[in-house]
Amino acid sequence: MRLPGAKTAKTFSRVLRARILGGALILGYHRVSTVENDVYQVCVSPENFSGQMQALRAYAYPISLSKLVQSLKQNILAPKSVAVTFDDGYADNLYVAKPILEKFDIPATVFICSGYMGREFWWDELDRIVLSSQADTRALRLPVGRTQFKWDPPRGSSEMDNPEAHRQFREALYHFLLSLDVEDQNHAMGLIRTWSGVSSPGIPASRAMSEEELLQLVDDGLIELGAHTSHHPMLPQLSFARQKEEIQSSKRDLETLLGKKIAGFSYPNGQVTVAAKPLLREMGFTYACTSLQDVVRPGSDLYELTRFWQQDVDGERFVKGLNRWLSMKVH
């Protein structure tokens, strides 16, 4: 049973422990871009990201995630240590985020979905299709295995010129697809493309980096790569064999590309599984990141490192948020 206010109480408890015991922060980002409709709330504008990195350089101790992990192992954590991470591997990480990171000399780790290199992620394609299509939503049928998606719009919201109807329909489709394994997702997306009548753009604006772009990203050593599975499935919904396949293929693809070992992993959607942690150790990963908000300190589980996902706010508000968890003397 979920108790009223339990989440707030747990967060307060974590903040209090952070104030007493100290620790380091791992920050999470996805995209550095200005978009017209950030439905998944994963974008930070270039201006705000620059302000946030400037604040990190002024008031904290930016450190690479691999060095932070080593510090945790050795119990020699430097005060106000903060590591920057990105999930998925969007192209704007190279063209927008990297120059800002270089300007303030801030290292970062980017966790890559190796099966999407150079391609549009399914959730971005879904959003683009739904926003553009004029097809009747009630006509869409997605028979997948023993389940089927069928849209019954709430009363009064069936017209597709209704923004709320668009939102509800897209959200329902997103959650349906999120629950599927990769093969079923691909099958469903094929049916959605046919239903929508929307043509595919030549080069989508929101795409993952290609192999060549990933090599550019890491060419000066400021940014390192980690694995994020091959196709970003929800690991808890996969069999043991499929979890192993998704994790292993991502590691193998990146190691082949870079010619070096990949040590870090990020769980898609932050979802840890009982099976995944021993798999990661067996495959040679030395750490893995989740999505729970908390500081990390010596003794933290290195295969469940907690992170703070960043919002699109300016440097001043960013510092106020960090100051809740780290005692940062702001002048």
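Bear in mind that the values in this text are calculations on the coordinates, not laboratory data. A quick note: this is a predicted structure, and the numbers were derived from the prediction, not measured. Every residue, glycine as well, gets a Cβ built from its backbone with ideal geometry; the counts of neighbours run over all protein chains shown.
Which of Met283, Met117, Met209 has the fewest other C-beta atoms within 10 Å, and how do the rest follow up to the most?
Arranged by neighbour count, lowest to highest, Met283, Met117, Met209 become Met283, Met117, Met209.
Residue-wise, which Karplus ³J(HN,Hα) couplings in Hz belong to the range 171-188, taking 6.51 cos²θ - 1.76 cosθ + 1.60, θ = phi - 60°, and x for glycine or proline?
Those phi angles translate into 5, 5, 4, 4, 5, 5, 5, 4, 7, 9, 7, 4, 4, 5, 4, 4, 4, 5 Hz.
Across the range 295-310, in residue order, what do the Karplus-derived ³J(HN,Hα) couplings come to in whole Hz, using 6.51 cos²θ - 1.76 cosθ + 1.60 with θ = phi - 60° and x for Gly and Pro?
Using θ = phi - 60°, the values come out as 6, 10, 8, x, x, 5, 5, 5, 9, 9, 5, 8, 9, 10, 7, 8 Hz.
Determine the gain in length on full extension of the stretch Glu171-Asp38; use 0.36 nm per residue of separation and subtract their C-alpha separation, reporting nm with one decimal.
Stretched fully, the Glu171-Asp38 segment lengthens by 46.5 nm.
Got a sec to turn the phi values of the range 121-131 into Karplus ³J(HN,Hα) couplings, 6.51 cos²θ - 1.76 cosθ + 1.60 with θ = phi - 60°, whole Hz, x for Gly and Pro?
My calculation for the range 121-131 gives 5, 4, 5, 6, 5, 4, 4, 4, 5, 5, 5 Hz in order.
Between the range 227-256 and the range 107-159, how many Å separate their Cα centres?
21
Considering the zone a paramagnetic label at Gln271 would reach in this model (a point 7 Å from Cα along the Cα-to-Cβ line), which residues of the range 177-193 have amide N under 15 Å from it?
Label zone hits: 177-186.
Can you tell me what share of the DSSP beta bridges in the chain is antiparallel? A percent to the nearest 5 is fine.
Antiparallel bridges make up about 20 percent of those DSSP assigns within the chain.
State which entries of Lys73/Lys244; Lys73/Lys320; Lys80/Lys260; Lys80/Lys103; Lys98/Lys260 exceed 23 angstrom in Cα-Cα distance in the structure shown.
Violating the 23 Å Cα-Cα cut-off are Lys73/Lys244; Lys73/Lys320; Lys80/Lys260.
Taking Rh as the Kirkwood radius computed over C-alpha pairs, what is the Stokes-Einstein D of the range 122-196 at 20 °C in a medium of viscosity 1.002 mPa s, expressed in µm² per second?
172
If I take all pairs of Cα atoms in the range 232-287, what percentage of them are more than 13 Å from each other?
Value for the range 232-287 (Cα pairs over 13 Å): 56 percent.
How far, in nm, would the chain grow between Met283 and Met234 when pulled straight, counting 0.36 nm per residue and subtracting the alpha carbon separation?
In short, 15.7 nm is gained.
Please list, short to long, the whole-number percent of alpha-carbon pairs of the chain in consecutive 20 angstrom bins beginning at zero.
Bin by bin from 0 Å, the calculated values are 29, 57, 14, 0.
Given a cut-off of 27 Å, what percent of all Cα-Cα pairs of the range 141-289 lie beyond it?
Result for the distance tail: 39 percent.
Within 10 Å of each residue's Cβ, count the other Cβ atoms and sort Ser66, Ser199, Ser114 from fewest upward.
Ascending number of Cβ neighbours within 10 Å: Ser199, Ser66, Ser114.
Between Asp87 and residues 5 or more places away or on another chain, which pairs have amide H atoms under 5 Å apart, with H built 1.01 Å from N, and which residues are they?
Here Tyr29, His30, Phe111 satisfy the definition.
Per residue, what volume in Å³ does the Cα convex hull of the range 56-121 take up?
That works out to 85 Å³ per residue.
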